[in-house]
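First comes the structure, then the notes that go with it.
The values are calculated or read from the model by the stated rules, or taken from the named source; none is laboratory data. Since the model is a prediction, treat every value here as computed from it, not as a measurement. As a convention, Cβ positions derive from the backbone with ideal geometry for all residues, glycine included, and neighbour counts pool all protein chains shown. Note: accessible area is taken over every heavy atom of the protein model, side chains too, but ligands, DNA and RNA are not part of it. Shrake-Rupley method; radii C 1.70, N 1.55, O 1.52, S 1.80 Å.
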Amino acid sequence: MNSHLDLIEEARGLLPEGVFQYVATGAGVEETLESAPAAWRRYLLRPRLPRNVTTVDVTTSVLGTPVTSPVQIAPTGFQRIVHADGEVGTAKAAAEAGSLLVLSSRATSSLEEIQAVAGPWWLQAYVLRDRELTAEIVRRAAAAGARALVLTVDTPHVARKARSYEFDTAVGTPLIPELATRDDLGVWQAPDVTLADVHWLAELSAGVPVVVKGILRGDDARECVAAGASAVWVSNHGGRQLDGAIPSALALPEVVDAVGDTAEVYVDGGIRSGRDVVRALALGARAAFVGRPVVWALAVAGTDGVRELLDGFREDVEETMSLTGCTSVAEIGPDLVTLP
Ligand SMILES: Cc1cc2nc3c(=O)[nH]c(=O)nc-3n(C[C@H](O)[C@H](O)[C@H](O)COP(=O)(O)O)c2cc1C
């Protein structure tokens, strides 16, 4: 598996500076961005030995959808600015590799283009100031085959970023044409999203489960589940929103503890290896999602790049499981990690 740093350097050489910085940047002074990978490494692995690991099964499921590994694709906007394959390429790669795709509501490919190539996919959405348009987006996504709706709640406004960036938002075909008429999504997003919206969306999308993304506290997680969420997603938006926010790796145990068996828990932020994925599962996550690695892989080699990234993650998870004495993801438990 290519190291994440190699991928970044390759992507940097290929992308216009303004595009590279858009993907790379964090908010504020990038405290949270920097702390994310290091927070995973704080958890030291405690292998169970000796064990028979002749066969290791890395498959699992997310909200009932079978996946070939615990690594799925987090939503990242404007993928056509890094490669002509864009979200269509990412969707193809996810289908080929057997991972779940979460499409950003700022995707630069149409629903029809995605439907033509995608395996299982979820749509990420924000609650917009225009609640009727929000409802319309949910209906469209459900009709197009989205298996869940991911409501991102950590963006009441779009935070100022550390680095200046620029790119052409008019590239490709917008997934949601109404959003493409304005560059500044912040103008559209509701600053008054509450649990009532979670409840509203869970009712509205009947049959399509709602996942709440951006949760960092146990109490919030419990309330979202009580309001109708089927899963919560521990995330600080890849360090792009509240700078200084707790790293996902440190927030995850509290959320898992609060939610118990009532909902699935996912996590993203700084996950860069199979070791990190095993740590996340040991701490109670059902699946790990990756954001920037997918964008860098897409930039470097389009569809093939993303498929190779996912295959590489799967092999890396398998190796870590074998070396820690786990033959199935169900065997990855809290005893596998410890803090110094
Ligand atoms: C370039 C970029 C665009 C993103 N766009 C979205 C988005 O449209 N919606 C969303 O919920 N999260 C978005 N995110 C956050 C990711 O879904 C995810 O939480 C984060 O990237 C995970 O951290 P990682 O990049 O360290 O893997 C974006 C992240 C990046 C880097």
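Using bins of 5 Å that start at zero, the share of Cα-Cα pairs per bin across segment 138-253 amounts to 2, 10, 17, 19, 21, 16, 10, 4, 0, in whole %. Among I114, I81, the sequence by solvent-accessible area, most first, with a 1.4 Å probe is I81, I114. Using alpha carbons only, the radius of gyration of the chain set against its Kirkwood radius gives Rg/Rh = 0.94. Note on D257 and T54: the model spin-label points, each 7 Å out from Cα along the C-beta direction, lie 4.1 nm apart.
With the convex hull constructed from alpha-carbon coordinates only, segment 204-314 shows a mean projected area of 7.9 nm² over all directions. Among the protein heavy atoms of the chain, carbon and sulfur supply 51% of the accessible surface, probe 1.4 Å, non-protein parts ignored.
What does the C-alpha gyration tensor say about the overall shape of segment 236-289? Classify as rounded when a/c is under 1.5, otherwise prolate if a/b is larger than b/c, or oblate. In terms of gyration-tensor shape, oblate. Helices that extend 30 Å or more along their long axis by alpha-carbon positions and average at least -1.0 on the Kyte-Doolittle scale are, among the DSSP H runs of the chain, 292-324.
Rolling a 1.4 angstrom probe over the protein heavy atoms with all chains in place gives the chain an accessible area of 41 Å² per residue. Using C-alpha pairs below 8 Å separated by at least 6 residues, the relative contact order for the chain is 28 percent.
By DSSP, the beta bridges lying fully in the chain are antiparallel in about 20 percent of cases. Ellipsoid semi-axes for segment 188-232, based on the Cα gyration tensor and the rule √(5λ), read 15, 14, 9 Å when sorted largest first. In segment 84-155, the inverse of the mean reciprocal separation of distinct Cα atoms equals 12.5 Å; this is its Kirkwood hydrodynamic radius. For V171 and Q115, the difference between the fully extended length at 0.36 nm per residue and the C-alpha to C-alpha distance is 18.2 nm. Summing charges over all other residues whose Cβ lies under 10 Å from the Cβ of D276, with Lys and Arg as +1 and Asp and Glu as -1, gives +3. Once the C-beta distance of R139 and R160 is scaled by a Förster radius of 35 Å, the resulting FRET efficiency is 0.55 to the nearest 0.05. Helix-only arithmetic for the chain: the sum of -39500 (n - 2.57) across DSSP H runs with n ≥ 4, divided by the residue total, places the mean residue ellipticity at 222 nm at -12500 deg cm²/dmol.
Annotation: for a label point projected 7 angstrom from Cα along Cα→Cβ of T338, residues of segment 265-284 with backbone N closer than 20 Å are 275-276, 278-284. The label point for A206 and the one for S3, both projected 7 Å from the Cα toward the Cβ, are 5.4 nm apart.
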